[in-house]
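Scroll down for the structure; my scribbles are underneath it.
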Amino acid sequence: MGIAPSTRPGRPPMPSMLPPQPGPFLSDANYETGTANPRLRHDPGAGAWRSKPITAGAVAQRTAIQAVLGVPTMVYPGINATRHMQHYLNNTGRDYEIDLEDMIASVPTAKRAMIAEFRQAQRFISGLPNGTHYFTSRSGESAYNYKGESADWFFAIGGYTYWGKGMAKISAGTIGRRFEVDFEYHFYDRYNWDGGKKVTIGGIEVTDEFMGEFHRQGLAREFDCHGKIERHFTWEGAATPGEEAILKKPGR
């Protein structure tokens, strides 16, 4: 699922999370004005859906896994991994909205990625003139939920792509310029079976090859995962939102 961690051209694996320095920027490697989402890609997964004939063995195996996942005490290996697996076996192929707030709260690497993405946006915004501006990432960044951080999110997602966008209103303030920003943190992943993973479900060792066979026989279907977090920030002059403010879910 997802793609292996990578970086935008010419950038370190994880961008700096230091607050931005004020000053004009004539160009920016990470952000630009506009509203378009960056171009996304994903790995090929298990291949074509319903490209092989259905076998009685696969039908029985799928039924057994669905029964185990339906047991209230079943932990595979967490609530989000279970929900994503169930959606796969439901065989609709419909897009799925993940619990991105929970992923950010549960996975240290995901926290750092979100903070870093906002800091990139903030640097770009600080170089814009007064007025109202829409801004968006030039390209997506990749990150990975490692098993040691969260087994739940490792099996639910693994690798994924993220980016930022939003709107900034910039005006004269009392201690410098005033920034009012609506920031959106976006997520994308293709839930598919592309090799390299395995887990035990109800005593059955399940590999990517095993699970991908359901897709190829048309008994389950890979799907796109999306997620979005929205934050509103206001600051003046050299002040900057802290990490807690960036991560804090509205209403908490």
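Readers should treat all values here as calculations from the given coordinates under stated rules, not as data from a laboratory. Computed from a predicted model, the values in this text were never measured in an experiment. Cβ sites come from the backbone with ideal geometry, for glycine too, and all protein chains shown count toward neighbours.
Couple of notes before you dig in:
- Enumeration of residues in region 57-88 that are under 23 Å from His226 (Cβ atoms), surrounded by fewer than 17 Cβ atoms within 10 Å (Cβ to Cβ) and of a type in the set (A, V, I, L, M, F, W, C): Ile79
- Count of residues meeting criterion [buried (at least 16 other Cβ atoms within 10 Å of the Cβ), among the small types (Gly, Ala, Ser), on the phi < 0 side of the Ramachandran plot and touching a residue at least 60 places away in the same chain (Cβ under 8 Å)] in region 147-192: 5
- Single condition Trp153 does not satisfy, out of (1) touching a Ser or Thr at 6+ places or on another chain (Cβ under 9 Å); (2) under 24 Å from Gly70 (Cα atoms); (3) part of a strand (DSSP E or B): (3)
- Checked against the criterion of being closer than 15 Å to Ala110 by Cα and among the acidic types (Asp, Glu), region 209-216 contains not a single residue that satisfies it.
- Conditions (1) β-branched (Val, Ile, Thr); (2) in a loop (DSSP other than H, G, I, E, B); (3) closer than 19 Å to Ala110 by Cβ; number of the one not met by Ile229: (2)
- Out of Ser137, Ser126, Ser150, one residue alone is of a type in the set (S, T, N, Q) and either under 12 Å from the mean Cα position of the chain (by Cα) or closer than 16 Å to Ile229 by Cα (or both). It is Ser137.
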